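Enquirer: Got a structure for you, questions after.
The values are calculated or read from the model by the stated rules, or taken from the named source; none is laboratory data. Keep in mind that this is a model prediction, so the values were computed, not measured. All Cβ positions, glycine included, derive from the backbone under ideal geometry; neighbour counts span all protein chains shown. Surface areas here come from the heavy atoms of the whole protein model, side chains and all, with no ligands, DNA or RNA. Shrake-Rupley method; radii C 1.70, N 1.55, O 1.52, S 1.80 Å.
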Amino acid sequence: MTQTKRVGARSISQIAPDILQQINRGELATANLTEWLAVDQVALLEHQLHLLGRSDYLPELLAQIQEQKKPSTHSTCRVIGRTLGRLTLEHGDEALLQQLASHPSDMLRCWAAYAQPQTSLQEALRYIYPFARDEHFGVREVAWFALRQQIIDELDEAIPALADWARTDESEYIRRFASEATRPCGVWCEHITRLKEQPELGLPILTPLSRDSSRYVQNSVGNWLNDASKTQPQFVEALCQTWLQEHDCPETRYITKRALRSLHK
C-alpha cells in the first residue's frame with residue numbers, strides 16, 4: 001500500500017504538539033518549510049547526540065550556537081553542521097558523519113551537508129552529491145548553500161564541473177543544483193559578482209538546461225537569467241531570443257518567459 005504523504009501545517013502555531021515533539025526528537029521529517037523553520041535544533045541536537053553516544057560534543061556545539069549574533073533556523077543549521085564537521089575531523093569520527101547523512105530526520109542530514117570537510121572542490125562535490133539529490137526539499141536547499149562559498153572562490157573550476165552535472169545527470173535534483181548553486185544573486189546568500197557582470201560565463205551550465213523537461217529545473221534556469229537581467233539585460237534578451245530560435249518548444253518558452261519577467265513587466 002502506498003503511504004500518503006503528510007501535509008504540513010500552514011503556520012507554526014498550527015503544528016500539532018505531538019508532531020512537533022517527534023520532529024524535535026528526530027523521529028519524523030519536516031513536511032514543509034513552516035515545519036522546518038519551527039525545529040528546535042538545540043533540543044534535537046541534545047536528544048540525538050545522547051542517542052548516538054556523542055554527548056561530549058555538546059558543550060562546544062552549544063557554545064557556538066550561543067555566539068550567533070543574528071540566529072535563525074538556517075544560521076543555526078550552518079553553525080551546528082560546521083562545528084560537527086570540525087569535531088568529527090578532530091576526533092577522527094567519520095562514523096558520526098555517516099550516521100547523520102543517513103538519518104531519517106531531514107535536519108540531521110542538513111547538518112551533515114554543512115559538515116563537509118574543507119577539501120578540494122572535486123572532493124566537496126562528491127561529498128555534497130547525495131545531499132543535492134536528497135528526496136527532502138530542505139536538504140537539497142542546504143546542499144547548495146553549503147557549497148556556495150567554495151563555488152564562488154573557485155568559480156573557474158566549478159563551472160565546468162557543474163556543467164557536466166547539467167549535461168549528463170539523470171536526476172532533476174542534480175541538474176537543478178548546477179543552476180541554483182550558481183545563480184548570480186540567489187536567495188539569502190552572497191551574490192556572485194563575476195556572474196552578475198559576466199553572465200555568459202554560466203552558459204556551459206545553462207545551455208544544456210535550456211529545454212529541460214523538469215519544471216523544477218526550468219524554474220531555476222529562469223530565475224538564474226532573471227537574476228542576470230538586473231545587471232546585464234541585453235545579454236538575457238539576446239540569449240532568450242537565440243534559444244527560442246533554436247528550439248521553440250514549451251519548455252524553452254516557459255524558461256524564457258520566467259527569465260524576462262522583470263524586464264517585461
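Enquirer: Run through region 199-261 and list the trypsin sites (Lys or Arg not before Pro) located in a DSSP loop whose Cβ has at most 15 other Cβ atoms within 10 Å.
Expert: For trypsin sites (Lys or Arg not before Pro) across region 199-261 that sit outside H, G, I, E and B with at most 15 neighbouring Cβ atoms in 10 Å, the list reads Lys230, Arg261.
Enquirer: A further question on this structure: Mind checking Rg over Rh on the chain, alpha carbons, Kirkwood formula for Rh?
Expert: Reported Rg/Rh, Kirkwood definition of Rh: 1.01.
Enquirer: In a shell of Cβ-Cβ distance under 14 Å around Ala161, excluding Ala161 itself, what net charge do Lys and Arg (+1) and Asp and Glu (-1) give?
Expert: -4
Enquirer: Taking loop as defined by DSSP and a crowding limit of 15 other beta carbons within 10 Å, which GluC sites (Glu not before Pro) in region 156-265 fit?
Expert: Listed in order of number, the matching sites are Glu170, Glu190.
Enquirer: If the reach is capped at under 13 angstrom between alpha carbons, list the aspartates and glutamates near Lys257, excluding any in the same chain fewer than eight residues apart.
Expert: Leaving aside aspartates and glutamates fewer than 8 places away in the same chain, those within reach of Lys257 are Glu237, Asp248.
Enquirer: If you place +1 on the Cβ of every Lys and Arg and -1 on the Cβ of every Asp and Glu, how big does the dipole about the Cα centre of the chain come out, in debye to the nearest 20? Walk me through the intermediate numbers first.
Expert: Numbers: 29 positive and 34 negative charges, 196 e Å.
Taking the Cα centre of the chain as origin, the dipole is about 940 debye.
Enquirer: Compute the accessible area per residue over the chain, keeping the other protein chains in place, probe 1.4 Å, unit Å².
Expert: With all protein chains present, the chain gives 50 Å² per residue.
Enquirer: OK, next. Ignoring ligands, DNA and RNA, what percent of the 1.4 Å accessible area of the chain is carbon and sulfur?
Expert: Within the chain, the accessible surface is 50 percent carbon and sulfur.
Enquirer: So which chymotrypsin sites (Phe, Trp or Tyr not before Pro) in region 99-196 pass both tests, a DSSP loop state and at most 10 other Cβ atoms within 10 Å of the Cβ?
Expert: Answer by residue number: Trp188.
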